[in-house]
Amino acid sequence: MERKRDNGFTLIELLIVVAIISIIAAIAVPGLLRARMTANETSALTALKVTSTSQVGYSASCGNGAYAATYLILGTPPAGSTDGFISADLGGSATPQKSGYGYSLGPGAGSAAAPNDCNGTATITAYYATATPLTFGTTGTRSFTVNQGNVVWQLIAATAPTEPFGPPAGPAQ
């Protein structure tokens, strides 16, 4: 009589496989987290470029040559239109958050009150928009800012560069 052999893995073989998978995961996870942080930073940089473009459009068509003081104002459609000057993900809140960054928009250095816009809302002569990581070192390591000069500045810190812009901040690339 021939003896029937049990087929399968031994406990040692299974432990070796689990150890190999754990080592591979330990190597891959930091790269994945860094890729996510880079994507968040790219999204923040793009959002501030969109803010700058939206402010130019608002100033030319509705703001009487001045700028919106908040993201909510940029998100408000002018009379006779259904679309605001900026998308709802930024224009739907005074302090929007997306992709691991918090955004703010307000008067810039030397700003003064300007004539009301086409909706009857007060405008300003200079703006200052920021994007800062919600959790510094995890969602991002760079903070960004833009003003009516339309150049996005960056700083490797949890706070955005302040006006007037200069070292240690630099233009974002």
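The values are calculated or read from the model by the stated rules, or taken from the named source; none is laboratory data. Since we're looking at a predicted model, the values are computed, not measured. A quick note on method: Cβ atoms are made from the backbone with ideal geometry, for glycine too, and the neighbour counts reach across all protein chains shown. Side chains are part of the model used for accessible areas, which takes the heavy atoms of the whole protein and leaves out ligands, DNA and RNA. Shrake-Rupley method; radii C 1.70, N 1.55, O 1.52, S 1.80 Å.
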Candidate set from the range 47-60 (those that are of a type in the set (Val, Ile, Thr) and within 12 Å of residue 127 (Cα to Cα)); member that is least open to solvent (accessible area, probe 1.4 Å):
51
When you check residue 63 against the structure, is it part of a loop (DSSP other than H, G, I, E, B), on the phi > 0 side of the Ramachandran plot and of a type in the set (Gly, Ala, Ser), yes or no?
no
Return the residues of the range 25-69 that are touching a helix residue (DSSP H, G or I) at 6+ places or on another chain (Cβ under 9 Å) and β-branched (Val, Ile, Thr); say none if nothing qualifies.
50, 51
Using the structure shown, decide if residue 106 is closer than 20 Å to residue 148 by Cα and free of Cβ contacts under 8 Å to residues at least 40 places away in the same chain.
yes
Restricting the range 66-81 to residues that are outside any helix (DSSP H, G or I), of a type outside the set (A, V, I, L, M, F, W, C) and closer than 16 Å to residue 128 by Cβ, which is farthest from the chain's Cα centre (by Cα)?
67
May I ask you to verify whether residue 8 is open to solvent by 30 Å² or more (accessible area, probe 1.4 Å) and touching a helix residue (DSSP H, G or I) at 6+ places or on another chain (Cβ under 9 Å)?
no
Taking the conditions exactly as written (touching a Ser or Thr at 6+ places or on another chain (Cβ under 8 Å), assigned to a helix (DSSP H, G or I) and either hydrophobic (A, V, I, L, M, F, W, C) or loosely packed, with under 13 Cβ neighbours inside 10 Å (or both)), does residue 15 satisfy them or not?
no
For a quick check of your reading of the model, give me the residue pairs whose first member lies in the range 61-73 and is surrounded by fewer than 24 Cβ atoms within 10 Å (Cβ to Cβ), whose second is assigned to a helix (DSSP H, G or I), with beta-carbon atoms closer than 7 Å and at least 6 apart or on different chains.
65/59; 72/91
Can you name the condition, by its number, that residue 37 falls short on among (1) open to solvent by less than 70 Å² (accessible area, probe 1.4 Å); (2) free of Cβ contacts under 8 Å to residues at least 12 places away in the same chain?
(2)
